[in-house]
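Colleague: Dumping the structure here so I can ask a few things about it.
The values are calculated or read from the model by the stated rules, or taken from the named source; none is laboratory data. Computed from a predicted structure; not experimentally measured. When we count neighbours, we look across all protein chains shown, and the Cβ atoms used for this are built from the backbone with ideal geometry, even at glycine. All accessible areas refer to the heavy atoms of the entire protein, side chains included, with ligands and DNA or RNA removed. Shrake-Rupley method; radii C 1.70, N 1.55, O 1.52, S 1.80 Å.
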Amino acid sequence: MPWAGSSITANVKLGSVFSDNMVLQADHNIKVWGTANRSETIRVEFNGKTAATRAGLDGKWEVELPGLVYGGPYKLNVYGEDTLTLKNIMVGEVWLCAGQSNMRMTVRGVLNAKEEIANARHRNIRFLTLPLSGSTEPQESFDAVWELCSPSTVANYSASGLQ
C-alpha cells in the first residue's frame, strides 16, 4: 500500500510521519498534511470524518479532522489525482521519548533481553524512530515508518521508551 517514503510515484503525497500502523493522538483534532500538484483538490477520510482542501501554489496542503476517542484499527484515505490508503491506524496515546544515552539503550541491551524480546507481542504498541540527524533548520521530511511491537522489531527500540 502506498505511504510516504514508498517507491510508488503519486501526485498526492502525505507527510513523512504518516504510514501504515501509525498512532494518532486521541481526544485532539487530527491534522493531516502533504503535497500534491499545485491547486489540486484533496479530500481526506478517516473513520467516517471527511475534510477537503486545495493544494497551494507551493503544492502544500493540510486538513484538520475532529478528534476521536481511543480505538482502531482504522483506514485513512487521501483522494486527489491519486488515492492513498493507510491501514491499521490506531487512535490512542502518543508518547514522545527523547534524551541522551539512556534513550539509545535498546531492548537487546537489557539484562533479560531474550525474554523481553520473545514476549514482545503488543500489537497496540507502535514505534516510530526518527533517524539521528542535526540541523539548524526545521526538517519537513524523514525516512522512517511506524512499526508494530513484536519479537521481530522490538530489539532495536528504546528500552527506556517502553518502561
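Colleague: Which is open to solvent by less than 60 Å² (accessible area, probe 1.4 Å) and assigned to a strand (DSSP E or B), of GLY72, GLY56?
Modeller: GLY72
Colleague: Next question, about the same structure. Answer with yes or no whether PRO66 is exposed (fewer than 14 other Cβ atoms within 10 Å of the Cβ), in contact with a helix residue (DSSP H, G or I) (Cβ under 7 Å, 6 or more places away or on another chain) and in contact (Cβ under 8 Å) with a residue 24 or more places away in the chain.
Modeller: So PRO66 does not fit the description; no.
Colleague: Just to verify a result, which residue in region 103-140, among those that are touching a residue at least 40 places away in the same chain (Cβ under 8 Å), part of a loop (DSSP other than H, G, I, E, B) and of a type in the set (A, V, I, L, M, F, W, C), is farthest from MET90 (Cα to Cα)?
Modeller: Among those residues, the one meeting the criterion is VAL110.
Colleague: Does region 31-46 hold any residues that are in contact (Cβ under 8 Å) with a residue 40 or more places away in the chain and surrounded by 15 or more Cβ atoms within 10 Å (Cβ to Cβ), and which are they?
Modeller: Across region 31-46, the qualifying residues are VAL32, GLY34, ALA36, GLU40, PHE46.
Colleague: One residue is enough: does region 83-93 have a residue meeting the conditions among the acidic types (Asp, Glu) and part of a helix (DSSP H, G or I)?
Modeller: For region 83-93, residues among the acidic types (Asp, Glu) and part of a helix (DSSP H, G or I): absent.
Residue-by-condition table, conditions (1) under 14 Å from the mean Cα position of the chain (by Cα); (2) free of Cβ contacts under 8 Å to residues at least 12 places away in the same chain; (3) closer than 20 Å to ALA36 by Cα:
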{"residue": "TYR79", "(1), (2), (3)": "no, no, yes"}
{"residue": "LEU86", "(1), (2), (3)": "yes, no, yes"}
{"residue": "GLY92", "(1), (2), (3)": "yes, no, no"}
{"residue": "GLN100", "(1), (2), (3)": "no, yes, no"}
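Colleague: I'd like the residue in region 73-102 that is within 18 Å of VAL23 (Cβ to Cβ) and among the aromatic types (Phe, Trp, Tyr) and, out of all such residues, is modelled with the lowest pLDDT.
Modeller: Going through the qualifying residues, I end up with TRP95.
Colleague: How many residues are among the β-branched types (Val, Ile, Thr) and under 20 Å from the mean Cα position of the chain (by Cα) if we restrict to region 102-126?
Modeller: Of the residues in that region, 1 qualify.
Colleague: Let me ask you something else. Please go through region 141-163 and pick out each residue that is open to solvent by 30 Å² or more (accessible area, probe 1.4 Å), assigned to a loop (DSSP other than H, G, I, E, B), farther than 26 Å from TRP33 by Cβ and modelled with pLDDT under 90.
Modeller: Residue satisfying the conditions is GLN163 alone.
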